[in-house]
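Only one structure is covered here, and it is reproduced in the block below.
Bear in mind that the values in this text are calculations on the coordinates, not laboratory data. Note that the structure is predicted; figures quoted are calculated from it, not measured. Here the Cβ is made from the backbone with ideal geometry for all residues, glycine too, and neighbour counts use every protein chain on show.
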């Protein structure tokens, strides 16, 4: 048996994450994203081609279920297209926050692309709603039986609210698809958490395959210092973000700082969307970090004190302010509008997210500091300050290595990264961890062998004898077979136990103890002893002596 | 497998039954509620009048029966009320390494309930001073015995033993200690206990965070089924599908033993027309038509929920009448779900008649509970989950608080309460026993006003609990709520779950049909232990294919083959895995198991077949029972055979093994 992994998107690139894994005869699609750098057919994963390769009549029969890891568009953007236009009607799983927040992301982006770029609309608002209705929400750690054989489970990934790593298992074959994850806790989310699992395959993101980042604290301070300097000089701060995730994290940071420094400069959210998103965040507080939950039993941390009401005309107002505007990466929408207005002044500050897709203004600003940007038919003089946010909700290279080592899968596949860095990480994983590692490109597939087990029965005596054998050295006999971890190995080799495997026709094989076999089959026991040749002489002498003794006794008796 | 029912006295929402389950040598305590029945014989403080002849002292509480059961390995808790007795026990030596499994939400609510109980109890301590006597004076008095008989507690079989079971309440420190042992879980989360047991909680539908449990041992799977509700207006529905086909069902839902049918009739006398509009408005009804199982519609129809809403609506109409006449309403009910629903329905009713009557919730825990009930969408019924996806608050109380129609205060003496206070008003506060908390003070205030209304839950001895407040003019509405599975639904449910054994309370024996059922019934009653036959003698193990391929099986006859197996047993997550053991066993001695006798003649020819040069040793001492074979090529060796043992003298390991193989082949041994 093998696991077949077909990469439909995010193979040697970032964008349109979509991996289809065939495991134990079940086909599971992990993520269904869109690529924001393209506006042609490369926008979506090539579903039709995959379907033809599978030889299935339609997607619903071809795929057992779709699992979405989080609400970012490069992970969910193609879902309404896949369900409403390609016609997939099978089960779709995502966590509660993802189900609640995804429609916002999808609708926000749909509107932006429709209004600003006049791009042909791929799916409608109604399509989004119809699609989301079909979604089955899941909780973390909950074991979900998709069908008789397929089991999935979500683990906390920490990347954005509701982000999950997905464990999937059919029979003895098991794997994890990480989605995007973060191994260090941030202001409102905890670090990724997963159990020790016995895995044949780990598919991990590798956005920062080569980068190792320093402490988060210093980076947060840098950001606050830059913002404070700008507003105290009367400048305006533009923070282009998506409505969800980064906006809430940065706002928590600023709200806190404003409170401490007693600042009065207004903080705005450009879209009602972000404010609406905060309503959701309040209900989903259980998905933030433990620290927030513990310190806010009564007050909700998403009730921001310093955020003021905003109207679009405010961008022409004089005086300092901080504005959160969508979309991130400045690919259009209101963030572009504000950028056009504010970029020409040196007093102002633009912050950029840690990662921008190529083709966006954000990407252009990141690659060296241009003084003039041509975007479609517009020319913008850029004189403002630019601060690149060094904190990203993705794990760094060390985090990827740590997780891979912790899970110790038999094979690793890298997705969601850039080719040269992935090649570097593959080398590290193979040499340092000794695991075969692959990083297939789009529309390529990798086949991985899996371990198999035979099921049989064993008698109580055998199990007890094993436990006794292995428990000999254990001080706590009671906790002999303890622990929740899967890879818990008890005892060393010397503590192995012996038994007999009995195979009878028309009966399932059975393992029993030696003496039990004697009873069952009416066999006899015969001791075989191995001795060196020398001891034969000793034995001869001994038996000679004994015989002599016996003879003596005999004669005495007489 | 053994089951001992420790307590079933209450078997109610506030005090679920408690059991001790023994499985594969491990002891599981299933639920450990607190029995507050003794509280009724103590006079509430501050004392007023003659206190109705009740005991004037710091109250004591019944020690949970589990204290006498000795230590347990794990506690499995199905509800917040099911863990309130635990702090009595967790300090005992037998509980030092015990783990407590309970859902996150039940653990959180349970902790708040414990703390609130300690806080309310402290009012007595402030009044009387601390209860330090080993055996206080009131315990010896004749008066005490009279009061105890007033309680009509079946427990009083042995009076001496009895008063020893009355103990002071636990402290905040005990609660802390208890919570340290808690391992919180989510619905559907599989947790492993001691390697061999898998535990899984699923929603029981009765209350937020309440759960049924599946205990999967290596040789049997058990469903622990406490009081459950198929369709709920607030909590996630009863998830019976995850309990299908477990071997044993421990049916621990005692709700149908309480006479509910009677109450329904009582309720039915009152009109129900006015409730329809509010039902639709809150859209707690849903259609389950899509379910494929043909029995599901019958079990899960919306009758229960409809009736429950009707009941609560009827209470609302009584409340409405009282406030209209200028009276205040006191609702000392401890059911979170009922409180949340009541708030929604009352405010709706008040709003539609544009009456402005303030609603107060006076409880230490109110603020935290109300904040967090709006942040646990995963634990709520489907219709409430839809509110999350639509971006609306999960419960109506969020809006009520914002609009200033609902006020939360921790105590009656809290700052700001007087400023907000206006009568008539509606007050929800603890405690249902009418001995603790703000309810005592408010009942004293309103007991003589016939316009006022007291809403209490049926099941407590109303006469006794109202005794210290006599004479009464206040109207008293006794009501009951849906607390579990109806008798009529037990059989269809069991048929759906397809168990092999069903453990049923003795009291339900006459109510459940036993004819033509594919499972066997066992009946339990308090204090008795029943033993169940083993379902399977053997364990299921998984043998890695790499080990299997290395086996050297020997055919014994046409139908049987055997192979020697040397492995390590790895146990985790309830799975027994046999992995390869690299090192071979000690070679100097081996047991040979054989069917036929060892014939030296055949051994000789077998050795010769392997290309060895050998002959019978010309041993002068040879007897019938002993025989030696001498080998000269490829190396020197001597094989001595007696009836029960063979000794191979040889220095070359390879030759040794060859001789051994030849030996085992002639006797069909391994």
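Of the peptides A:57-68, B:626-637, B:412-423, B:46-57, the ranking by mean beta-carbon count within 10 Å, highest at the top, reads A:57-68, B:626-637, B:46-57, B:412-423. Taken residue by residue and averaged, Cβ atoms of other chains lying within 10 Å of the Cβ of B:572-581 number 6.
Send over the semi-axes of the protein assembly as shown's equivalent ellipsoid, whole angstrom and largest first, taken as the square roots of 5 times the C-alpha gyration tensor eigenvalues. Write out the running numbers ahead of the final one.
Details: eigenvalues 759, 470, 139 Å².
That gives 62, 48, 26 Å for the three semi-axes.
Taking all Cα pairs closer than 8 Å and separated by 6 or more residues, the relative contact order of the range A:349-392 comes to 52 percent.
For chain A, what is the relative contact order in percent, using Cα pairs closer than 8 Å and at least 6 residues apart in sequence?
Details: 1049 pairs, mean separation 89.7, N = 558.
In percent, rounded to a whole number, it is 16.
Output the peptides B:516-523, B:353-360 sorted from most to least packed, where packing is the average of other Cβ atoms within 10 Å over each peptide's residues. Each step should come with its number before you reach the end.
Values: B:516-523: 12.8, B:353-360: 14.8.
Descending packing order for the listed peptides: B:353-360, B:516-523.
Per-residue ellipticity at 222 nm computed for chain A from its helices equals -10000 deg cm²/dmol, with DSSP H segments shorter than 4 residues left out and the rest contributing -39,500 (n - 2.57).
On the beta carbon distance between residue A:451 and residue B:96, with R0 = 51 Å, the FRET formula returns roughly 0.85. Prolate is the label for the range A:146-216, because a/c, from the alpha-carbon gyration tensor with a ≥ b ≥ c as root eigenvalues, is 1.5 or above and a/b exceeds b/c. The angle between the Cα long axis of helix A:272-283 and the longest principal axis of the Cα atoms of chain A comes to about 30 degrees, rounded to the nearest 10. A protection proxy built from the mean count of other Cβ atoms within 10 Å ranks the segments B:231-239, A:386-394, B:118-126, most packed first, as B:231-239, A:386-394, B:118-126.
What is the mean number of Cβ atoms from other protein chains located within 10 Å of the Cβ atom of each residue in peptide A:499-511, rounded to a whole number? Walk me through the numbers before you get to the answer.
On the way: counts 8, 6, 13, 7, 9, 6, 5, 1, 2, 2, 5, 2, 9.
Per residue, the average neighbour count from other chains is 6.
Counting only alpha carbon atoms, the long axis of helix B:142-151 and the longest principal axis of chain B meet at about 80°. Using only the alpha-carbon atoms, how far is helix B:653-666 inclined from the longest principal axis of chain B? Give it as 0 to 90 degrees, nearest 10. Rounded to the nearest ten degrees, it is 80.
Relative contact order, whole percent, for the range B:600-666 stands at 27, derived from Cα pairs under 8 Å and 6 or more residues apart.
Okay, helix-only estimate at 222 nm for chain B: each DSSP H run of n ≥ 4 adds -39500 (n - 2.57), divide by all residues, round to 500 deg cm²/dmol; what do you get?
Theoretical 222 nm ellipticity from helices: -8500 deg cm²/dmol.
Could you work out how far the C-alpha centroid of the range B:109-146 sits from that of the range A:344-399, in angstrom? What the calculation gives is 67 Å, centre to centre. Distance between the modelled labels on residue A:551 and residue A:305, one decimal in nanometres: 11.0 nm (7 Å Cα→Cβ projection). Working note: Debye formula, equal point scatterers on the alpha-carbon atoms of the range B:304-479, no solvent; log10 I(q)/I(0) at q = 0.17 Å⁻¹ is -1.12.
Mean projected area of the Cα convex hull of the range B:600-666, taken over all directions, amounts to 4.1 nm².
DSSP beta bridges confined to the protein assembly as shown are antiparallel in about 55 percent of cases.
In peptide B:552-564, how many Cβ atoms from other protein chains are near each Cβ within 10 Å, on average? The partial results should precede the final answer.
Values: counts 0, 4, 0, 1, 5, 3, 1, 5, 7, 6, 10, 7, 5.
Counting Cβ atoms of other protein chains within 10 Å of each residue's Cβ and averaging gives 4.
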